[in-house]
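**Student:** One structure follows; several queries about it will come next.
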Amino acid sequence: MLETVQRLITGYRGFRARYYEQRPDRMRSLVEQGQSPDVLLIACADSRVDPAILFDSEPGDLFVVRNVANLVPPYAPDDEPHGTSAAMEFAVRDLGVRHIIIFGHSACGGIQALRATAAGEQLPRDFIAPWMQIAAAACPCDAEGNVPDQETVEHGAIRVSLDNLMTFPWILEKVEAGQLDLHGWWVDLRAGRLCNITSDGMSELVAGETPLDVTD
């Protein structure tokens with residue numbers, strides 16, 4: 001346990017050396033002028049898909065929201081807490097981001113839980129199963145009790161979140177005015193592919209044309 005914590009402290013020292021000692025102007029600008037990212041990226045909390053690492057980004061480049069299975073709930077303002085919606089509101093209405101990216105990935109545990117629930121399993125968890133119902137439409141169960149395969153549901157959940165984004169009036173308004181673009185991306189952790197997932201059911205490879213397999 002102490003070795004793990006010490007490794008994090010050592011990592012921070014490296015970050016501090018890079019940005020406070022070698023490039024102090026970068027951090028000074030972010031502190032004094034504030035942040036102005038162009039991208040709101042809604043990613044999974046999974047430890048394998050850190051957006052800053054995967055996209056080679058620096059402090060101030062991305063406004064990142066992470067939750068289980070990179071889901072966007074539908075617009076539902078009330079007196080209850082809504083962490084993801086609150087972060088989206090700040091990014092869109094206050095920071096004025098120009099792009100929102102729903103960033104999913106292969107082997108997603110949240111999607112595995114959704115598929116298990118759809119197949120009739122009872123999950124001994126307090127919050128995961130209800131949260132994953134946001135993407136229930138991406139995991140229909142047929143008459144024989146079969147559910148779609150993992151990757152199909154992962155892509156479908158991204159499309160559900162893209163549709164839910166448009167239920168937020170201040171997102172819809174900016175999209176229609178050409179001031180905001182919405183994107184759905186999915187990364188294949190095994191093969192290193194990055195795919196564009198569109199709301200109309202299409203998917204296309206955008207990076208990683210040469211197939212890789214980390215098990216080779």
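**Student:** Choose one of 153, 34, 177: the residue whose Cα lies farthest towards the positive end of the charge dipole of the chain (beta-carbon charges +1 Lys, Arg; -1 Asp, Glu; about the Cα centre).
**Tutor:** Positive-end residue among those listed: 34.
**Student:** Given the C-alpha centroids of the stretch 48-122 and the stretch 162-199, what is the distance between them in whole angstrom?
**Tutor:** 11 Å
**Student:** Pairwise over distinct Cα atoms, reciprocal of the mean inverse distance: report the Kirkwood radius of the chain in Å, one decimal place.
**Tutor:** Details: mean 1/r = 0.0526 Å⁻¹.
About 19.0 Å for the chain.
**Student:** Still on this model: At most 15 other Cβ atoms within 10 Å plus a DSSP loop assignment makes a site exposed; report the longest stretch of the chain without any exposed trypsin sites (Lys or Arg not before Pro). Before the final figure, lay out each step's value.
**Tutor:** Working: sites that count: 48, 98, 125, 190.
Free of exposed loop sites, the longest segment is 126-189.
**Student:** Also, I was wondering about something else. For the stretch 85-173, which chymotrypsin sites (Phe, Trp or Tyr not before Pro) pass both filters: DSSP loop (anything but H, G, I, E, B) and at most 16 other C-beta atoms within 10 Å? Intermediate values should be presented prior to the final figure.
**Tutor:** Values: sites: 90, 103, 127, 131, 170; in loops: 127.
Sites meeting the loop and neighbour criteria: 127.
**Student:** Cα convex hull of the stretch 6-49: mean projected area in nm², to one decimal? Present the calculation step by step, with values, prior to reporting the outcome.
**Tutor:** Details: hull surface 18.3 nm².
Across all orientations, the stretch 6-49 yields a mean hull projection of 4.6 nm².
**Student:** What do you get for the angle between helix 109-118 and the principal long axis of the chain? Use alpha-carbon atoms, 0 to 90 degrees, nearest ten.
**Tutor:** Compared with the principal axis, the helix lies near 20 degrees.
**Student:** Given charges of +1 on the Cβ of Lys and Arg and -1 on the Cβ of Asp and Glu, with all other atoms neutral, how large is the dipole of the chain about its Cα centre, in debye to the nearest 20? Intermediate values should be presented prior to the final figure.
**Tutor:** On the way: 17 positive and 32 negative charges, 166 e Å.
For the chain, the charge dipole is close to 800 debye.
**Student:** Would you please give the residues with an amide H less than 5 Å from that of residue 66, counting only those at least 5 places away or on a separate chain, with H modeled from the backbone geometry?
**Tutor:** So residue 66 has HN proximity to 43.
**Student:** Still on this structure: Of the chain, which part is the longest with no GluC sites (Glu not before Pro) in a loop (DSSP not H, G, I, E, B) and with at most 14 other C-beta atoms within 10 angstrom? Provide the component values of the computation, followed by the final result.
**Tutor:** Numbers: sites that count: 121, 144, 209.
Counting at most 14 other Cβ atoms within 10 Å as exposed, the longest clean stretch of the chain is 1-120.
**Student:** Rounded, prolate or oblate: which fits the stretch 97-216 when a ≥ b ≥ c are the square roots of the eigenvalues of the alpha-carbon gyration tensor, with rounded for a/c under 1.5 and prolate only if a/b beats b/c? Present the calculation step by step, with values, prior to reporting the outcome.
**Tutor:** Details: a/c = 2.10, a/b = 1.18, b/c = 1.78.
The shape class here is oblate.
No lab work stands behind these numbers, since they all come straight from the coordinates. Values in this document were obtained by computation on a predicted structure and should not be read as measured data. FYI the Cβ positions are ideal-geometry reconstructions off the backbone, even for glycines, and counts take in every protein chain you see.
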